[in-house]
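Working notes, beginning with the structure itself.
We did not get these values from a lab; they are worked out from the coordinates using the rules stated. Computed from a predicted model, the values in this text were never measured in an experiment. All Cβ positions, glycine included, derive from the backbone under ideal geometry; neighbour counts span all protein chains shown.
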Amino acid sequence: MYVKNRMTVNPYTITADAPINEAIELMREKGLKRIPVVAGERVVGMLTNTDIYKVSPTKTTTLSIFEINYLLSKTKVSDAMSKDVIKVSPDALLEEAALLMRENRIGTLAVATEDKLVGIITESDIFDAFIDLLGFRDQGSRIAIDAEDVPGAIANIGEIFKTYNANITHIVAYRGSGGRSDVVIRTNAVNTEEIEASLAKHNYFVTDVSHTVE
């Protein structure tokens with residue numbers, strides 16, 4: 001799965017020379033936690049709620065609301081934004097984006113072709129993709145299998161499902177220890193008793209089964 005399949009295209013943006021109170025109002029109105037900063041089509045920064053907090057008067061200030069608004073109107077987005085923008089290509093794999101977020105401890109990446117902003121991708125987008133990859137919302141059954149980690153194991157398991165005309169819609173393998181792996185399969189089949197029995201007969205141990213029906 002690629003970044004372009006999960007990113008938000010045409011995100012709200014703001015210019016670097018805009019007053020910070022304009023950014024505050026936009027973010028409040030649209031319910032945004034961060035907003036890309038652009039110069040034309042080029043991304044030059046990222047503004048977050050944390051950045052805004054750093055340049056805003058504290059709650060203990062003696063300034064009046066009018067004085068606060070005046071100061072904010074004189075503060076530019078460029079004074080608060082993060083200038084070292086972490087960017088990712090729309091053609092990058094989703095796991096590359098996740099790794100960039102993890103390594104840089106950030107929740108949003110600007111998606112750019114060269115320096116042209118084409119979207120943003122957030123940690124929430126990554127979480128949603130993970131849920132979809134596992135087929136958690138799909139109707140059918142989820143079967144967790146403890147299998148020997150050897151060549152051909154996945155193919156053999158697939159043949160068992162094929163025997164019962166059960167389509168495998170999602171599959172994930174987690175390599176464990178001692179030469180074993182956990183294989184988690186989503187299938188469109190709801191009644192899986194015969195599949196479970198056949199798996200056990202072939203020395204594949206079913207550790208968990210759950211069903212999702214409408």
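Computed values, structure above
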| read-out | value |
| --- | --- |
| Over the stretch 152-210, relative contact order from alpha-carbon pairs under 8 Å, at least 6 apart, % | 28 percent |
| Evaluated over the stretch 137-212, the Cα radius of gyration and Dmax, each in Å | 11.4, 33 |
| At R0 = 41 Å, FRET efficiency that the Cβ-Cβ distance of Thr50 and Glu196 yields, to 0.05 | 0.25 |
| Approximate spin-label separation Asp128-Glu29, in nm, with each point projected 7 Å along Cα-to-Cβ | 2.3 nm |
| Whole-number D in µm²/s for the chain (Stokes-Einstein; Kirkwood sum over Cα pairs; 37 °C, 0.692 mPa s) | 158 µm²/s |
| Reduced Cα scattering model of the stretch 3-130, Debye log10 I(q)/I(0), q = 0.15 Å⁻¹ | -0.69 |
| Helix axis angle, 65-74 relative to the chain longest principal axis, alpha carbon, degrees | 80 degrees |
| Overall dimensions of the stretch 2-48 as given by Cα atoms, namely Rg and Dmax in Å | 11.3, 35 |
| Between helix 94-104 and the chain: long-axis angle, C-alpha atoms, 0 to 90°, nearest 10 | 50 degrees |
| Value at 222 nm in deg cm²/dmol, rounded to 500, when DSSP H runs of n ≥ 4 in the chain each add -39,500 (n - 2.57) | -10000 deg cm²/dmol |
| Spin-label pair Glu159/Thr15, simplified geometry with 7 Å Cα→Cβ offset, distance in nm | 6.7 nm |
